[in-house]
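The values are calculated or read from the model by the stated rules, or taken from the named source; none is laboratory data. This structure is a prediction, so every number in the text was calculated from the model and none was measured. When we count neighbours, we look across all protein chains shown, and the Cβ atoms used for this are built from the backbone with ideal geometry, even at glycine.
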Amino acid sequence: MAEGSTERRRLDAATLERLLEVTRRLARPVDLQTLLGQVIDVAREVLDADRGTVFLYEEETHEFVVSIGTGLDTIRVPADKGFVGECAQSRSIVNVPDCYADPRFNPEVDLRTGYRTNCLLTVPLIDQEDELVGVLQILNKREGSFDSYDEWIAEALAAQCAVALQRARMTEVLVAKERMDRELAVAREIQTGFLPSRMPVLPGHEIAGMGIPAEETGGDMFDVFAHNGSGALILVADATGHGVGPALSATQVRAMLRVAARLDSDLDDALRHVNDQLDQDLASNRFVTAFVGVLDAEKGRVRYHSAGQAPILHFRAATGECVWLGATAPPLGMLSPLMMKDAVNVDLAPGDILAVMTDGVYECADPNDEEFGQEGVARLLAERHADPLQELVQTVQDTVRDHRCGAPPDDDVTVVLLRRNRD
């Protein structure tokens, strides 16, 4: 009996030294996949086992994911099924000395891989915050089956592994977020670079615009550039959603319209070609609304098509009246060929304003879910229509922001105003 105790103490000392070495190894900064491999290698070495698998717990799906395992492909396991689920639910070790004699054992993986599982030890991985990180499963002790002493070693090992795995996962999330933030910052810089750096000089007119995305990048885009001598082409586009994907769609519309303008395409033809291309490129649940107007500065007239971008506001300075204009076609990318009404001509009298604003203005809601709406826009223009135009654009943006009462925006907010100067 004394000799057995001495042998046990000697083994304890050796095991303790190995576990301390494990702790040092697991504390090194490595990526998650490398760490998973280290955990399995260490467990096999310390427990003298043939194979091992780490099941990482995904709380969102309530599943375990096998990211790496000796002899196994990546698989997903329900968090409440099998020995792994039993271990996770009870948060205690499951030791099966003879798998094929145990009715709970499912030989499906063995049949698929050709490997025979004789015995297994399944250990919960619980971090310092008492959160389930995953499950470590060790297969086939090289001599005999796993005993209570192996369970004790496995528990000590699992405590170290759980902390290391949780740290690695948190590090990966942080690194991924930082990478995404950098990529979004670059995307926003690129998108902002497509906005007009200065507005064209238009005889007898002034124009101003501003777009503020709901996220780093947005689905709104506006553009104004000189066209047909003293005139200008005006674009306001709004792709469904907000983020990088819609930003690319809106930018694509801008690029195609600029090419069409250089080729001196008719407004109707240009819109049809843009629609046909988007119909091929976009997913079935994606589309782009777009206002495309051509200003004839000599006549003070804007001829426009609006593909689902409405309402359009014509503010008449002489009477203070707001005339609300509708769309002439469905959104771009939904149907091909594009069915259009006749283009609309808007004649601006001195002091009149043509206002094109995206949904982020009209549908902006306060804490009581009351939208800013057409009434809010009409009231604001009636009060401030004589202000310098860029200041008026800023006032619209500020007023919409104040209407949210500090809540984050649900949609991008883009405002473009064209005014005919008074003589």
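Any residue in segment 206-223 that is aliphatic (A, V, I, L, M), in the same structural domain as Met357 (by TED's automatic domain parsing), out of contact with any Leu (no Cβ under 8 Å at 6 or more places or on another chain) and outside any strand (DSSP E or B)? Can you show your working first?
As a first pass, look at segment 206-223 and keep what is aliphatic (A, V, I, L, M): 207-208, 210, 212, 214, 221.
Filter once more, keeping what is in the same structural domain as Met357 (by TED's automatic domain parsing): 207-208, 210, 212, 214, 221.
The next check asks that each one be out of contact with any Leu (no Cβ under 8 Å at 6 or more places or on another chain); those that pass are 210, 212, 214.
In the following step, the residues that additionally are outside any strand (DSSP E or B) were identified as 214.
Yes: one or more hits.
Looking only at segment 399-419, decide whether some residue is touching a residue at least 60 places away in the same chain (Cβ under 8 Å), more than 28 Å from Gly231 (Cβ to Cβ), out of contact with any Phe, Trp or Tyr (no Cβ under 6 Å at 6 or more places or on another chain) and surrounded by 18 or more Cβ atoms within 10 Å (Cβ to Cβ).
Step one: filter segment 399-419 for residues touching a residue at least 60 places away in the same chain (Cβ under 8 Å), giving 408-419.
If we keep only those that are more than 28 Å from Gly231 (Cβ to Cβ) too, we end up with 408-411.
So of that shortlist, the ones also out of contact with any Phe, Trp or Tyr (no Cβ under 6 Å at 6 or more places or on another chain) come out as 408-411.
Keeping just the survivors that are surrounded by 18 or more Cβ atoms within 10 Å (Cβ to Cβ) gives 411.
Looking for residues that are touching a residue at least 60 places away in the same chain (Cβ under 8 Å), more than 28 Å from Gly231 (Cβ to Cβ), out of contact with any Phe, Trp or Tyr (no Cβ under 6 Å at 6 or more places or on another chain) and surrounded by 18 or more Cβ atoms within 10 Å (Cβ to Cβ), one finds at least one in segment 399-419, hence yes.
Tell me which residues, restricted to segment 245-301, are assigned to a helix (DSSP H, G or I) and of a type in the set (Lys, Arg). Steps first, please.
So in segment 245-301, the residues assigned to a helix (DSSP H, G or I) come out as 245-262, 267-281.
Answer for segment 245-301, where residues must be assigned to a helix (DSSP H, G or I) and of a type in the set (Lys, Arg): Arg254, Arg258, Arg262, Arg272.
Of the residues making up segment 131-155, just one is surrounded by fewer than 17 Cβ atoms within 10 Å (Cβ to Cβ) and hydrophobic (A, V, I, L, M, F, W, C), namely Trp152.
Here's the yes/no breakdown for (1) more than 41 Å from the chain's Cα centre (by Cα); (2) part of a strand (DSSP E or B); (3) of a type in the set (S, T, N, Q):
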{"site": "Ala88", "(1), (2), (3)": "no, no, no"}
{"site": "Ser92", "(1), (2), (3)": "no, no, yes"}
{"site": "Asn118", "(1), (2), (3)": "yes, no, yes"}
{"site": "Pro124", "(1), (2), (3)": "no, yes, no"}
{"site": "Gln128", "(1), (2), (3)": "no, no, yes"}
{"site": "Val135", "(1), (2), (3)": "no, yes, no"}
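Checking the stated criteria, Gly320 turns out not to satisfy the condition of being surrounded by 20 or more Cβ atoms within 10 Å (Cβ to Cβ) and in contact with a helix residue (DSSP H, G or I) (Cβ under 8 Å, 6 or more places away or on another chain). Annotation: of all residues in segment 283-317 being surrounded by fewer than 20 Cβ atoms within 10 Å (Cβ to Cβ) and farther than 15 Å from Arg420 by Cα, the one that is farthest from the chain's Cα centre (by Cα) is Pro311.
Scanning segment 137-183 for residues that are assigned to a helix (DSSP H, G or I), at pLDDT 85 or above and farther than 12 Å from Val46 by Cβ yields a count of 2.
Go through segment 306-318 and count every residue that is closer than 15 Å to Asp347 by Cα and not in a strand (DSSP E or B). So the count comes out to 2.
Considering only segment 257-276, state which residues are free of Cβ contacts under 8 Å to residues at least 24 places away in the same chain and crowded, with 18+ Cβ neighbours inside 10 Å. Before you say what the answer is, go through the steps one by one.
Looking only at segment 257-276, we keep the residues that are free of Cβ contacts under 8 Å to residues at least 24 places away in the same chain, and these are 259-260, 262-266, 269-270, 273.
Passing the criteria: Ala260, Ala270.
Residues that are touching a helix residue (DSSP H, G or I) at 6+ places or on another chain (Cβ under 9 Å) and either free of Cβ contacts under 8 Å to residues at least 60 places away in the same chain or farther than 26 Å from Arg167 by Cβ (or both) within segment 126-138 comprise Ile126, Asp127, Gln128, Glu129, Glu131, listed in sequence order.
Consider Val274 carefully, then state whether it is at pLDDT 95 or above, in the same structural domain as Gly209 (by TED's automatic domain parsing) and β-branched (Val, Ile, Thr).
Values: at pLDDT 95 or above: no; in the same structural domain as Gly209 (by TED's automatic domain parsing): yes; β-branched (Val, Ile, Thr): yes.
No; evaluated as a whole, the condition is false for this residue.
Of the set (1) over 22 Å from Val201 (Cα atoms); (2) at pLDDT below 85; (3) of a type in the set (Asp, Glu), all apply to Asp264 but (1). Does at least one position in segment 356-368 carry a residue that is more than 26 Å from Asp279 (Cα to Cα), among the hydrophobic types (A, V, I, L, M, F, W, C) and without any contact (Cβ under 8 Å) to a residue 40 or more places away in the chain? No: segment 356-368 contains no residue that is more than 26 Å from Asp279 (Cα to Cα), among the hydrophobic types (A, V, I, L, M, F, W, C) and without any contact (Cβ under 8 Å) to a residue 40 or more places away in the chain. Of all the residues in segment 186-214, those that are of a type in the set (A, V, I, L, M, F, W, C), more than 22 Å from His227 (Cα to Cα) and at pLDDT below 80 number 4.
Can Leu338 be described as surrounded by 15 or more Cβ atoms within 10 Å (Cβ to Cβ), under 24 Å from Thr240 (Cβ atoms) and among the hydrophobic types (A, V, I, L, M, F, W, C)?
Details: surrounded by 15 or more Cβ atoms within 10 Å (Cβ to Cβ): yes; under 24 Å from Thr240 (Cβ atoms): yes; among the hydrophobic types (A, V, I, L, M, F, W, C): yes.
Answer is yes for this residue.
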